Amino acid sequence: MNHRPNPTSSQQGLRLLSVVVPVYNEVATFRQILKRIADVPLAKEIILVDDGSTDGTRDLLRQIESEAVLYPNSIIKVIFHEKNQGKGAALRTGIQQATGDLLIVQDADLEYSPEEYPRLIEPILSGDADVVFGSRFRGDRVRVLFFWHMLGNRLLTFLSNMCTNLNLTDMETCYKVFKTEIIKNIPLRSDRFGFEPEITAKMSKLGLSIYEVPISYRGRTYAEGKKINWKDGISAIFTILKFWLLDDLYNETSGLNTVWIMQGAGQYNRWLFLQCEPSLGKRILEVGAGAGNFTKYLTSRDRVVATDINDFFITSLRRRYQYHDNVAVEKLDLSDRNNASNLTKAHRPDSVLAVNVLAYIENQELALKNINTLLPIGGNLTVVVPAHPALFSSLDVHLGHKRRYGKNELKDLLINAGFEIQSMRYLNLMGALAWLINGKILRRKLLPTQQIRIFDWLVGLLKFEKWVSLPFGLSVLVVAKKKSPVESF
């Protein structure tokens, strides 16, 4: 039974907080911690994952499930593992069920204080952070306990920091807060306490904004039920090293992985921007800016409007460019004519840049007509799209491409949307060969990260394309000029 939470003024724009609680043999303290979580004045869902308890906790959870109405401002969800799999496995289950805007991990004992949730989520709500770690070593009230445990925590944090180049003080902390859309899109492999170093390594590699907030800590003794031991410390060392060496960052179902992957191809991104740059004016509207792989090259222009449809990217771009007076970040849905018209009135761009956007849109004709409304007569549209329908493969399907383009098809689309073609050419012969091998022959779903790094190192070889007209390439670059407005949709 679920009890729908009532919103409170302290949410500060937060719709729902997901609290994931892995539970294993905590019958003595569980009602106390659940009441303290429920009493936090935030609308939340509490996801309780019993990991094969044998001490009566399962019966208690079944009772709590039936009396969920007793817990105000909370939705209670109870999930049972038939056998004990470990904290990491329980967290994977809980994260899959989360529907809130933010997600926090809460241990089922009384070591951590739910009353500190508002302080922990504040850096994310203010737009500064993507992830928040609660640190037991930054100066709040802490119970004095085991020297060797403290030393072990500090050594593991030190080793993790060496591998991630972060300056965390408490990598092993339970309290970690995430934007839910981020944590749901990251594969989690560790079944036991390796969750902590694994997720830290992956957050670092993704380049996310991580904050630490001081928290209090009331540690337990082994007589009081503490479960982690020296074997978990040894396992954590191997986990740190494993995910330092291994790039395992993207769920196969992730809609964000393309942009994250291409952030690592800095030389290629710059080369591709230089191919587009001659057609760009002084007031640029960038469609599908994503993580800002091209936005960073535009900031010297008089006016830049970076747009995307994804709220995660909108938030990240606004944080990144909050001190650039000439850069605005807006949400743009190319299936919404009013949205496009309002952007035009507010920002009056003289050129539009759309790199690898059109292939993701179902109604490409409507999208191009909406782009037409963004420009004045004579304004330039610079488009890069994936080339050659014959290259369409498992890579395209996984990345969300609806199609790849031939030159004639693209030319007709643009003319019908009120544009006049100025130039059109293939780009990136080397990338097309890699796409053919990986997608059509090997049927991969993602380009291996190491291949992308090698390609980025070799990108200087693409300079010859400036003087050669290619018959084939991974992409088509088109520069078109708005000839006339499109009257009907």
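The values are calculated or read from the model by the stated rules, or taken from the named source; none is laboratory data. What you see is a predicted model, and the numbers here were worked out from it, not measured in a lab. Please note: Cβ atoms are built from the backbone with ideal geometry, for glycine as well, and neighbour counts cover all protein chains shown. Heavy atoms of the whole protein, side chains included, go into the accessibility calculation; ligands, DNA and RNA do not. Shrake-Rupley method; radii C 1.70, N 1.55, O 1.52, S 1.80 Å.
Quick notes
- Yes/no for Arg319 being within 21 Å of the chain's Cα centre (by Cα), within 30 Å of Ser126 (Cα to Cα) and modelled with pLDDT under 95: yes
- When residues in the stretch 290-313 are screened for being more than 16 Å from Arg270 (Cα to Cα) and in a helix (DSSP H, G or I), 3 of them pass.
- Counting residues in the stretch 327-337 that are modelled with pLDDT under 95, in a helix (DSSP H, G or I), of a type outside the set (Lys, Arg) and over 30 Å from Asp456 (Cα atoms) gives zero.
- Restricting the stretch 68-92 to residues that are charged (D, E, K, R) and touching a residue at least 60 places away in the same chain (Cβ under 8 Å) leaves a set whose member that is surrounded by the most Cβ atoms within 10 Å (Cβ to Cβ) is Lys87.
- Residues that are crowded, with 18+ Cβ neighbours inside 10 Å and at pLDDT 95 or above within the stretch 397-416 comprise Arg404, Tyr405, Leu410, Leu413, Leu414, listed in sequence order.
- Output for the stretch 294-307, where each listed residue is open to solvent by 20 Å² or more (accessible area, probe 1.4 Å) and in contact with a helix residue (DSSP H, G or I) (Cβ under 9 Å, 6 or more places away or on another chain): Phe294, Lys296, Tyr297, Arg303
- Subset tally (residues that are farther than 20 Å from Ser279 by Cα and surrounded by fewer than 11 Cβ atoms within 10 Å (Cβ to Cβ)) for the stretch 465-487: 2
- Residue in the stretch 412-421 that is more than 21 Å from Leu462 (Cβ to Cβ), touching a His at 6+ places or on another chain (Cβ under 9 Å) and acidic (Asp, Glu) present: no
- Restricting attention to the stretch 344-377, the residues being open to solvent by 10 Å² or more (accessible area, probe 1.4 Å) and within 13 Å of Arg283 (Cβ to Cβ) number 6.
Yes or no, residue by residue, for (1) more than 26 Å from the chain's Cα centre (by Cα); (2) part of a strand (DSSP E or B):
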| site | (1), (2) |
| --- | --- |
| Ala390 | yes, no |
| Leu395 | no, no |
| His398 | no, no |
| His401 | no, no |
| Leu410 | yes, no |
| Ile415 | yes, no |
| Ile421 | yes, yes |
| Met424 | yes, yes |
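- Filtering the stretch 29-67 to residues that are open to solvent by 20 Å² or more (accessible area, probe 1.4 Å) and within 33 Å of the chain's Cα centre (by Cα) leaves Lys35, Arg36, Asp39, Pro41, Glu65.
- Counting only residues that are in contact with an Asp or Glu (Cβ under 7 Å, 6 or more places away or on another chain) and either open to solvent by less than 10 Å² (accessible area, probe 1.4 Å) or assigned to a loop (DSSP other than H, G, I, E, B) (or both), the stretch 171-210 holds 14 of them.
- The set of residues from the stretch 141-170 being of a type in the set (Phe, Trp, Tyr), at pLDDT 90 or above and either open to solvent by less than 80 Å² (accessible area, probe 1.4 Å) or not in a helix (DSSP H, G or I) (or both) is empty.
- Hits in the stretch 455-475 (condition: more than 30 Å from Asn372 (Cβ to Cβ), outside any helix (DSSP H, G or I) and within 33 Å of the chain's Cα centre (by Cα)): Leu458
- Residue within the stretch 302-310 that is under 21 Å from Asn372 (Cβ atoms), within 22 Å of the chain's Cα centre (by Cα) and of a type in the set (S, T, N, Q) present: yes
- Restricted to the stretch 9-124, the set of strands (runs of 3 or more DSSP E) holding at least 3 residues that are out of contact with any Asp or Glu (no Cβ under 6 Å at 6 or more places or on another chain) and under 23 Å from Arg218 (Cα atoms) comprises 17-23, 44-51, 102-105.
- In the stretch 426-454, of all residues being hydrophobic (A, V, I, L, M, F, W, C) and open to solvent by less than 40 Å² (accessible area, probe 1.4 Å), the one that is nearest to the chain's Cα centre (by Cα) corresponds to Ile452.
- The lone exception for Val385 - which of (1) under 16 Å from Arg283 (Cβ atoms); (2) buried (at least 19 other Cβ atoms within 10 Å of the Cβ) it fails: (1)
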